[in-house]
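The values are calculated or read from the model by the stated rules, or taken from the named source; none is laboratory data. Every value quoted in this text rests on a predicted model; they were computed, and no experiment measured them. Here the Cβ positions follow ideal geometry from the backbone for every residue, glycine too, while neighbour counts run over all protein chains shown.
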Amino acid sequence: MPSGRASDRPFAPVVQRSSLREQVAGALRDELMAGRLGAGRHFTVKEIADLYGVSATPVREALVDLAAQGMLVVEPGRGFAVPRFTWDDFVDIVEARALVIDGVFRRVHRRWAGFHWDAVPSLRRRADAAVRAARAGQLDVLVGCDRRFWGELGAFTGNRRISDYLDWLRVQYWIFASGYLRGREDIAAFCWSRHLELVDLIEARDVASIHAMLHAYNQESLEQMAVLCDRPLPQVPSPREPGTSPQATQ
């Protein structure tokens, strides 16, 4: 029988309760983003604990964490439920994303010299993985690749709060979008796949083209989902291009 002392098992991984909590939260977040847990789906702590074969405590902590982030809804006496984001919620998410990403590049534009250029090869690999998944219509793979790509891009700001908020918006975006995409045979037609082109523009420091691509990206997101949801298409105003004056955009 293995000894319980850590000194007798120097290479055995030690799973702390906090890491188990994070693992459960991460696994559920992936399920939500991929649309495998549909809007309005109810479940209890016990159900999730049984599913993952872990105790109730880290599961409860993970579910509370996700609820605090707006990814689950607490239902007293019933447990938890997947939120039902509305079309208006989705429009707000895209608009917020447009403003945050625009802010990221405004910040970078002011200090290209401080940009983490050594991290670009990793960003390019993330972009390549996202493009391959998008063009293949592999939703389960895409949601993770896309999130990691934008997560690394957001980190270039050097501001953890900006990066975290952008990540939160992307998770909520996919929770809504995946519910309409999952099960379709034409998923690739509704997935943005210009990640590599964006990296090229970043390396070229072409701020005007970056700005135009990101505005088109957000408008395309709305157009695609408006078709799937059968809703009227709203217009998200284009943020002012970095380096221009207010008069120049009028």
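Remarks
- If you check 61, 75 for being exposed (fewer than 15 other Cβ atoms within 10 Å of the Cβ), farther than 30 Å from residue 214 by Cβ and in contact (Cβ under 8 Å) with a residue 12 or more places away in the chain, only one passes: 75.
- For segment 153-195, the tally of residues that are hydroxyl-bearing (Ser, Thr, Tyr) and without any contact (Cβ under 8 Å) to a residue 40 or more places away in the chain stands at 1.
- Scanning segment 151-191 for residues that are under 14 Å from residue 139 (Cβ atoms) and of a type in the set (D, E, K, R) yields a total of 4.
- Test: residue in segment 44-54 that is farther than 20 Å from residue 144 by Cβ, touching a helix residue (DSSP H, G or I) at 6+ places or on another chain (Cβ under 8 Å) and free of Cβ contacts under 8 Å to residues at least 24 places away in the same chain: yes
- Qualifying residue in segment 142-150 (condition: among the aromatic types (Phe, Trp, Tyr) and touching a residue at least 60 places away in the same chain (Cβ under 8 Å)): no
- Helices (runs of 4 or more DSSP H) within segment 42-147 that include 3 or more residues out of contact with any Asp or Glu (no Cβ under 7 Å at 6 or more places or on another chain) and under 28 Å from residue 232 (Cβ atoms): 87-109
- Residue, surrounded by the fewest Cβ atoms within 10 Å (Cβ to Cβ), within segment 150-159, restricted to residues that are within 19 Å of residue 130 (Cβ to Cβ) and in contact with a Lys or Arg (Cβ under 6 Å, 6 or more places away or on another chain): 152
- Residue match in segment 2-14 (condition: of a type outside the set (Lys, Arg), surrounded by fewer than 14 Cβ atoms within 10 Å (Cβ to Cβ), within 18 Å of the chain's Cα centre (by Cα) and modelled with pLDDT under 95): no
- Qualifying residue in segment 39-59 (condition: of a type in the set (Asp, Glu) and either closer than 27 Å to residue 184 by Cα or within 21 Å of the chain's Cα centre (by Cα) (or both)): no
- Of all the numbered requirements in (1) closer than 16 Å to residue 103 by Cα; (2) among the β-branched types (Val, Ile, Thr); (3) surrounded by 21 or more Cβ atoms within 10 Å (Cβ to Cβ), residue 162 misses one, and that requirement is (3).
- Looking only at segment 181-198, and only at residues there that are among the basic types (Lys, Arg) and modelled with pLDDT under 95, the one that is nearest to the chain's Cα centre (by Cα): 182
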